[in-house]
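Down below is the structure, laid out as structure tokens.
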Ligand code: LLP
């Protein structure tokens with residue numbers, strides 16, 4: 001088995017995370033259960049923060065909270081002195097509830113709602129990443145009403161293709177995000193923003209995609225952004241002060257993926273920093289304040305999901321299903337992207353795998369799988385099954401489909417385990433339901 005920093009097989013042959021035996025966690029908290037390793041999360045935040053400080057100086061790491069947003073995550077980010085990227089009023093509200101400093105928040109979104117813009121301004125969000133002309137109008141008008149000036153950056157699209165799933169590529173010409181550098185749209189938007197009295201354009205943002213392992217597309221994106229900045233300096237006498245290169249660093253889901261440790265991520269960021277420095281030199285630009293927005297790489301490998309095995313069904317000559325008490329409602333990534341995961345029987349983690357199975361969820365839907373061709377020892381009803389690297393975009397994309405519960409989440413560290421998201425109840429499921437009188441009135 002692949003033993004990541006967070007995980008090990010203990011003397012009992014059980015899977016352990018953050019000093020906690022996974023079989024005991026399942027007993028105590030029930031399943032399905034999201035488990036997050038605090039040390040891993042902090043470790044990754046520190047790697048990025050310290051590399052930025054050491055190798056670049058003037059930079060800021062923003063945790064892309066869409067990967068996993070709950071109050072405790074913002075509390076950790078605050079303690080680790082990094083910023084946060086939010087993409088909705090809901091994420092911002094969660095951050096504010098956790099006492100996160102609004103000044104360290106960057107507000108994203110290709111279609112920020114008027115009420116979200118207004119709420120973010122009321123909170124005093126540090127930076128907006130503007131992504132449409134009408135947003136610029138709306139934001140400017142709202143700031144005028146409030147008699148203030150808001151710092152903004154413009155989301156640009158440098159036209160870099162990264163090798164990742166097409167649903168998570170974001171800087172191709174047809175993307176709904178950003179403004180194309182190549183077509184001149186980014187320049188037009190720069191002019192528009194510079195003309196706004198209540199907006200202060202400070203620079204640019206780009207995010208090329210997610211789950212990317214190569215350094216080269218990031219370095220290329222940095223170089224293209226800097227070339228564009230040089231162009232804007234020449235044409236418009238506008239010298240950008242901020243360059244935000246987004247997130248997107250890959251993590252290990254299966255043995256097919258590269259194995260990155262903390263040092264590898266430092267090297268990754270180091271390469272990007274190198275490209276930024278070289279680009280500044282090449283184009284004669286002063287070094288901008290550099291921002292990055294990692295989400296998946298901070299929290300992805302920190303998280304696992306524990307399930308209990310229920311029905312096991314073999315279709316002779318075709319496949320074997322091992323059904324668990326979760327499914328697409330706690331992890332829709334196989335359904336959405338055909339994502340691959342690694343599974344381990346938590347109570348028999350030292351047993352070698354003997355068969356390939358499909359792990360099925362409990363939803364009334366054939367496609368509801370956690371994965372196909374997953375190697376496991378023979379699983380039996382009652383076994384605790386751990387799916388690894390589920391920390392990013394699992395809880396955050398979970399739903400109550402089939403009126404199943406979104407599982408609770410716990411944070412583990414040195415043998416301690418505490419809720420960070422409490423369990424839902426049946427009452428929670430009907431809390432917002434309403435029955436109009438005409439449905440209950442007697443005839
Ligand atoms: N910044 C921006 C503007 C983004 O759009 C994203 C991710 C990030 C940062 C963080 O990227 P990361 O470091 O996490 O790769 N639901 C998909 C992933 C969607 C990513 C969307 N944007 C999945 O489950 O794979």
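Hey, does segment 228-249 have a residue that's closer than 30 Å to residue 386 by Cβ and either touching a residue at least 60 places away in the same chain (Cβ under 8 Å) or in a helix (DSSP H, G or I) (or both)? Don't jump to the end; show me each part of the working.
The first filter runs over segment 228-249 and keeps only residues closer than 30 Å to residue 386 by Cβ, leaving 247-249.
Narrowing the set further to residues that are either touching a residue at least 60 places away in the same chain (Cβ under 8 Å) or in a helix (DSSP H, G or I) (or both) leaves 247-248.
Taking every residue of segment 228-249 in turn, at least one turns out to be closer than 30 Å to residue 386 by Cβ and either touching a residue at least 60 places away in the same chain (Cβ under 8 Å) or in a helix (DSSP H, G or I) (or both).
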Would you check if residue 174 is surrounded by fewer than 16 Cβ atoms within 10 Å (Cβ to Cβ), at pLDDT below 95, away from the ligand (no atom under 14 Å from the Cβ) and within 30 Å of residue 6 (Cβ to Cβ)? no
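Quick grid of which residues meet (1) at pLDDT 95 or above; (2) within 20 Å of residue 178 (Cα to Cα); (3) within 16 Å of the ligand (Cβ to nearest atom); (4) not assigned by TED's automatic domain parsing to the domain that holds residue 54:
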position: 235; (1), (2), (3), (4): yes, no, no, no
position: 241; (1), (2), (3), (4): yes, yes, no, no
position: 248; (1), (2), (3), (4): yes, yes, yes, no
position: 251; (1), (2), (3), (4): yes, no, yes, no
position: 255; (1), (2), (3), (4): no, no, no, no
position: 262; (1), (2), (3), (4): no, no, yes, no
position: 274; (1), (2), (3), (4): yes, no, no, no
position: 279; (1), (2), (3), (4): yes, no, no, no
Report, by residue number, each residue of segment 278-301 that is part of a helix (DSSP H, G or I) and touching a helix residue (DSSP H, G or I) at 6+ places or on another chain (Cβ under 7 Å). 279, 280, 283, 296, 297, 298, 299
Tell me which residues, restricted to segment 393-414, are assigned to a loop (DSSP other than H, G, I, E, B), out of contact with any helix residue (DSSP H, G or I) (no Cβ under 8 Å at 6 or more places or on another chain) and within 16 Å of the ligand (Cβ to nearest atom). 398, 399
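Restricting attention to segment 373-392, and to residues there that are within 16 Å of the ligand (Cβ to nearest atom) and in a strand (DSSP E or B), which single residue is farthest from the chain's Cα centre (by Cα)? Even if it seems obvious, please write down each step before you answer.
Step one: filter segment 373-392 for residues within 16 Å of the ligand (Cβ to nearest atom), giving 387-392.
Within this subset, residues satisfying the condition of being in a strand (DSSP E or B) are 387-388.
Values: 387: 18, 388: 16 Å.
The selected residue is 387.
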Filtering segment 249-261 down to residues that are crowded, with 16+ Cβ neighbours inside 10 Å and either in contact with a helix residue (DSSP H, G or I) (Cβ under 7 Å, 6 or more places away or on another chain) or farther than 17 Å from residue 392 by Cα (or both) yields 249, 251
Just to verify a result, which residue in segment 320-358, among those that are touching a helix residue (DSSP H, G or I) at 6+ places or on another chain (Cβ under 9 Å) and outside any loop (DSSP other than H, G, I, E, B), is farthest from residue 394 (Cα to Cα)? 347
Within segment 119-168, how many residues turn out to be within 15 Å of the ligand (Cβ to nearest atom), at pLDDT below 95 and surrounded by fewer than 22 Cβ atoms within 10 Å (Cβ to Cβ)? 6
Among the residues of segment 426-443, is any touching a strand residue (DSSP E or B) at 6+ places or on another chain (Cβ under 8 Å) and surrounded by 12 or more Cβ atoms within 10 Å (Cβ to Cβ)? no
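The values are calculated or read from the model by the stated rules, or taken from the named source; none is laboratory data. Note that the structure is a prediction, hence the values are computed from the model and not measured. All Cβ positions, even for glycine, are placed from backbone atoms using ideal geometry, and neighbour counts span all protein chains on display.
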